[in-house]
Amino acid sequence: MLKNYFKTAIRSLLRNGLYSGINIFGLSIGLACTMLIVLYVKDELSFDRQFSQSDRIYRVNSETVDPMGNVHKMGISGVFQGPHFAARVPAITAYVRVQHTYREIKTLKDVESQTMTFADPSFFAVFSFPFVYGDPQTALRQLNSIVLTESAAKKQFGKADVLGQTIQLKDKDQFKPYVVTGVTRDCPQNTSIQFDMVVPFHESPEQEGRSENWFNFFLTTFVVLAPNADVASVDKQITRAYKSDAGLAIQEAEKKYHFTDKTAYTLEPLKAVHLDTDIGSEGLANGSNPIYSYLLSGIAIFILLIACINFVNLTVARSLKRAKEIGVRKVVGGSRRQLMGQFLGEAMLLSLAAFVLAIIEVALAMPLFNQLANKSLALSYLLDGRLVVTFIALYLATGLLAGFYPAVVLSGYDPVRTLYNRFMPAGKNYLQRGLVVLQFTLAAFVIIATTVLFSQFRYLTTKKLGYDDSNLVRLYKQDLTSQDVKLLREELSKHAEILGVGAKDAGFSFTGGTINGNVGTGFVYATIDEQYLPLLKIPVVAGRNFSPDFPTDTVGAVLVNETFVSQAGWKKPIGQIVMMGQDSNRRRVIGVVKDYHFESLTTEIKPQLFVMPSSGQLGDVYIRIRPKSETASLEDIEQTFRKLFPLNPFSVTFMNETNLKNYESEARWKQILMFSAIITIIISCVGLFGLAVLSAERRVKEIGIRKVLGASVANVVQILSRDFLLLVLLSLALAIPCAWIAAERWLRNYPYRIALNGWLFGGTALLVLGIAAITVSAQAIKAAIANPVDSLRAE
């Protein structure tokens, strides 16, 4: 009997090749999307779990609260926290400090800038990265030792076995040899600890002697707790140790610098760092947000659910053609249980074919998905034992979900009525219509979400930043001085393509200070020369800019932005006194700079203060070039730089490209949602097509009679399409409010965002309605132009 069922199922599927193909393709798309998302979520949850002590490794986080109540959380600390906490808290069995920075490496051909990781000798004891060559316990004990990954070793020496070889690293003003003492496997993608080269972290005598370095945050500290240690208790002991050991430093900072911020330290599990939304992976790599997993999982569920709905609709739409087969089987003794078994078997067979096709689709889509999701997933990950069980369960659930309802409906047909051609499916097909409404509600929701994300991304990438980033080149040089900038400006001014040169320190620093001696505040400060603001076309709205005509500007003057003035509550900012946290000089405000977006538009403009350099406090040179002279300008800049600074690596970036990189996450999600919207609308239209076929087959004689009585093709198309378009309109009525609420909540994450309006949602509604109308009308026209004689011949 089972063999007969199998043959019958195969013949039925082959006989109705179009329906079978649509069913298999639709299910395979849903399954493929689900497989990819399962792989993504598994990878997200596997971060930082490969180390032997992962359960006991914690990051030391810091939290500062200024007198105005502003809270600033950080995942970084200073040089003192690790050794002091380890000495005072018995539950801490080990610590390691990690700092990622850049260093110059001298190669046979040139000097290049290389990412460098400084770490305590305990680094490889805490993080159990596998070694290919060398001993992880002793690799970083020597002062001038260095550990490379296999890729870094092959890049520098052409091979991996390089123990004892030396690498020339720049230390201050000279290059020093570092001996390779170990080679590790390349860091896996699913870890927050990424490195190419590791050298020992050693504290200088100056750092040891300065007690106020408790407040100098620039590296990441990890501690290892004893087995079964109580983390809450350890947090309390750390707080007591900090107040005790840093008490003198706290008093000194408050007395000397008027630094009144309150600082506290907490421990965060290493496993939680990757998906931390409060602090993130500050100082580390590959930070993420769990919202991505939730969104992708929701998209996968949407698509799989829509595919299953299609299966139900198309199977029921095909049921009229199988009515006589069902009637004959019942007349010759077939039971309803046997018929249900047969139809469920056909559904499982279709699901199996869809599952196989889905694996092929996953293999083909994996490179694109990795690019969109910024992952390094491989098809071999599907062979994981838990995933295999998950996918088997998914296959069974999909087959049962898609096949159960059609099996119940088809097995319940009345054999007498079906054999006499008097059978019509009972009821108003409320379930099928409800499924279509659900399909298009989900599809419209995804399309609206895509439209909102597209609009927000366009807003982020086209909004004026308050400065001109076009034709602006940024050149980095370590230990850049004012004299270096002066030399560059003089040499570059000889080239017609160069329009101007300005300088600023690399990045932005956050600190605190006092206003008029008694009001504390936190702000971002930057060191700039007098050419920086004019070069970037940032106006000074009150007072004046820095000027070499005023020698005291380097030690006694500051510029502030409009947000700083607003937060300080000044009516007349010019002449006000500001003292920075680590600066004992009183500085007078000489000008107010118009607010500009010195960070991405995902961050609100902060209070900002500018000082003029007195020594080597710079790092970035900004060069304005003539439009459409990129090639010639970069050649002139490189030649000039290499002539003046032959031992420094040459590295330039265009500011407009750098600004676009700030929105790489939004760009990826824009593409992911775009593909999701396309898939959902295609599968939804296939479902609508199936219901249109069912309706046309049920009303074939009605259509014939109407045509005989004089109805036109347009009349028939209108009659057949009206009900379906009403379903789509109902879907839009459900989807638009839900999408509006979701979009409004999502946009709250952006301080600068688009305004939701009716045009955005109305345009999307018209698009969905138009696509549905085309889908339904195609089948309606086919039914309307059919010869009525063929449908009425048996009457």
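Listed cross-link partners K262/K661; K172/K494; K176/K643; K106/K643; K463/K537; K159/K271 are compared with a 26 Å cut-off, the Cα-Cα value being larger for K262/K661; K172/K494; K159/K271. Give me the log10 of I(q) over I(0) for the stretch 582-643 at q = 0.26, 0.27 Å⁻¹, as the Debye formula computes it from C-alpha points; what are the numbers? Log10 I(q)/I(0), no solvent term: -1.16, -1.19. Taking every alpha-carbon pair under 8 Å whose residues sit at least 6 apart, the stretch 84-174 reaches a relative contact order of 25 percent. Charging the Cβ of each Asp and Glu at -1 and of each Lys and Arg at +1, and nothing else, the dipole of the stretch 527-594 about its Cα centre rounds to 320 debye. Setting aside same-chain residues fewer than 8 positions from K170, which aspartates and glutamates have a Cα under 15 Å from its Cα? Cross-link targets: E104, D110, E112, D479.
With semi-axes defined as the square roots of five times the eigenvalues of the C-alpha gyration tensor, the equivalent ellipsoid of the stretch 109-163 measures 21, 14, 10 Å, largest first. The Cα center of the stretch 451-486 and the Cα center of the stretch 61-135 differ in position by 29 Å. Taking a 28 Å limit on the Cα-Cα distance, which of the listed pairs K155/K504; K464/K504; K42/K606; K594/K670 fall beyond it? Result: K155/K504; K42/K606; K594/K670 exceed 28 Å. Extension gain, A264-D723: 0.36 nm per intervening residue step, less the Cα-Cα distance, totals 158.8 nm. Couplings for the stretch 715-731, taken from phi via the Karplus curve 6.51 cos²θ - 1.76 cosθ + 1.60 with θ = phi - 60°, read 4, 5, 4, 5, 5, 6, 8, 4, 4, 5, 5, 5, 4, 5, 4, 4, 4 Hz in order; Gly and Pro are left as x. Between the stretch 637-686 and the stretch 698-767, what is the separation of their alpha carbon centroids in Å? So the separation of the two Cα centres works out to 36 Å. Seen from all directions on average, the stretch 75-146 presents a Cα convex hull projection of 6.6 nm².
Every read-out reported here was derived from the displayed coordinates using simple, explicitly stated rules and does not represent laboratory data. Quick caveat, the model's predicted, so the values are computed rather than measured. All Cβ positions, glycine included, derive from the backbone under ideal geometry; neighbour counts span all protein chains shown.
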